[in-house]
Amino acid sequence: MREPFERIVAAHGEVVWRVCRGLLPEHDAEDAWSETFLAALRAWDRFEGDRVRGWLVTIAHRKALDVLRAGVRVVTTEEGVPDSPAPPAGRDLDLWAALARLPEGQRTAVVHHHIAGLPFAEVATVTGTTPAAARKAASDGVRRLRTLLVLEDA
Amino acid sequence: MTDTATDPATDPVVDVLVPPTDPALLARLHGRLEARATGADAPDVHYRTVDSPVGRLLVAATEAGVARVAFEREGEDAVLQHLADRIGPRVLRTPARLDAAARWFDAYFAGAHDPFELPLDTRLARGFRLEVLERLRAVPYGERISYAALAARTSSPNAVRAVGTACATNPLPLVIPCHRVTRSDGSVGAYLGGPETKVRLLALEAGAALPG
């Protein structure tokens, strides 16, 4: 007995948005979100297993790469952030802009583990690395985020 | 392994900084998905809700036409799960795609007798039940017919009880007017939407104004 797909959108739409936005600029993230759920809708009657979130994040990751490759802009790790100091004193902290300043491996590891909530074994599957490497990338990424965002002002 | 069992994935910094998602953004994203889910990517079942004087109706359709009308008391979750099991799990809320169906109900409750021909998909009824529903579609607006009289119009004229079952399991109430079937003693009889709803519909068709 498979759930109606609408319930999947309702339950996971927000986390998929956060994954897409964590990996892409806002407009591209919207494209990736709809591509992700369209692909999931197409395949929903054949989906096996109970790890729906991991499955959706895997699709979102692939769609984000597609969008990046297809985009006219080459999005670098410094994308979207002017050369300005980190935002002041804990206000208007922009996680998305800070994530865009991480090296790609750290960015995906932080997004998939800390934002999507996937265990490192699944992060490794999604990104094609090992669980240990995913754990290290996430940990390095969080350390870098702390410098970018918070602790240097604390 | 489940999605949440291992590696609690929280980091205070990241947690605090993930901005709340604007519901309007999620609605816009959903709208994009609806617009894209067409043609070969069309869902098995489209649905929307329609507010009406007899409560919120759930209207579900396949590409062929409206396949299910459900009353609020049937429970949206249960109805959607049933549609997923019977027709297909690719069930998507697509209000704009069901605008015509929504207009049909608006017109009906505004007093229109046969608002317009609404394409129907009767796949949720089979065999004798489907035959009963076909006969039922010919019962005109504002008329009443007894279960026995309706049975007499079918290939099994004595199957009064089976006619009752067919009406009680009509997947397309209102559109296929099972509310026009009443008991021989003049009482309204049972109705999926509740007897009070049946009374209101009969009153509407008798020309009474139907307060919202």
Flagged pairs (Cβ under 6 angstrom, 6 or more apart or on separate chains; first in region B:26-42, under 14 Å from residue A:13 (Cα atoms); second assigned to a helix (DSSP H, G or I) and modelled with pLDDT of 95 or more) are B:26/A:13; B:29/A:33; B:32/A:34; B:33/A:34; B:33/A:37
Q: Could you check, for region B:127-136, whether at least one of its residues is in a loop (DSSP other than H, G, I, E, B) and at pLDDT 95 or above?
A: no
Output yes when any residue across region A:106-117 is charged (D, E, K, R), within 10 Å of chain B (Cβ to nearest Cβ), buried (at least 19 other Cβ atoms within 10 Å of the Cβ) and touching a residue at least 12 places away in the same chain (Cβ under 8 Å), and no when none is.
no
Counting only residues in region A:30-52 that are in contact (Cβ under 8 Å) with a residue 40 or more places away in the chain and in a helix (DSSP H, G or I), the one farthest from the other protein chains (Cβ to nearest Cβ) is identified as A:52
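Of all the residues that make up region B:33-58, how many are more than 14 Å from chain A (Cβ to nearest Cβ) and either touching a strand residue (DSSP E or B) at 6+ places or on another chain (Cβ under 9 Å) or not in a loop (DSSP other than H, G, I, E, B) (or both)?
Count: 6.
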Residue pairs within 6 Å by beta carbon, gap of at least six or interchain, first lying in region A:1-23 and more than 7 Å from chain B (Cβ to nearest Cβ), second outside any helix (DSSP H, G or I) and of a type outside the set (D, E, K, R), listed first then second, are A:15/A:116; A:19/A:116
Selection from region B:168-190 of residues closer than 16 Å to residue B:129 by Cα and assigned to a loop (DSSP other than H, G, I, E, B) yields B:169, B:170, B:171, B:172, B:173, B:175, B:176, B:177
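Could you please find all residues in region B:6-23 being open to solvent by less than 80 Å² (accessible area, probe 1.4 Å) and at pLDDT 85 or above? Before you say what the answer is, go through the steps one by one.
From region B:6-23, those open to solvent by less than 80 Å² (accessible area, probe 1.4 Å) are B:6-7, B:9, B:11, B:13-14, B:17-19, B:21; that's our starting set.
Residues satisfying the conditions are B:18, B:19, B:21.
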**OP:** Confirm whether residue B:77 is within 27 Å of residue A:47 (Cβ to Cβ) and assigned to a helix (DSSP H, G or I).
**Re:** yes
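What about residue A:55, is it without any contact (Cβ under 8 Å) to a residue 40 or more places away in the chain, buried (at least 18 other Cβ atoms within 10 Å of the Cβ) and more than 14 Å from residue A:108 (Cβ to Cβ)?
yes
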Condition set among the charged types (D, E, K, R) and within 28 Å of residue B:204 (Cβ to Cβ), scope region B:26-59, selection farthest from the chain's Cα centre (by Cα): answer is B:51
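What do you reckon, is residue B:26 at pLDDT 95 or above, crowded, with 20+ Cβ neighbours inside 10 Å and at the interface with chain A (Cβ under 8 Å from one of its Cβ atoms)?
no
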Look at residue A:144 and say whether it is at pLDDT below 90, open to solvent by 50 Å² or more (accessible area, probe 1.4 Å) and not assigned by TED's automatic domain parsing to the domain that holds residue A:14. no
Picking from A:7, A:69, A:51, the residue that is within 21 Å of residue A:119 (Cα to Cα) and charged (D, E, K, R) would be A:51
Query raised in the report: Does region B:107-128 contain any residue that is farther than 21 Å from residue A:4 by Cα, among the basic types (Lys, Arg) and surrounded by 14 or more Cβ atoms within 10 Å (Cβ to Cβ)?
Result: no
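The values are calculated or read from the model by the stated rules, or taken from the named source; none is laboratory data. Note that the structure is predicted; figures quoted are calculated from it, not measured. No Cβ is skipped: glycine too gets one built from the backbone with ideal geometry, and neighbour counts run over all protein chains shown. Just so you know, the surface numbers come from the protein's heavy atoms only, side chains and all, with ligands and any DNA or RNA stripped out. Shrake-Rupley method; radii C 1.70, N 1.55, O 1.52, S 1.80 Å.
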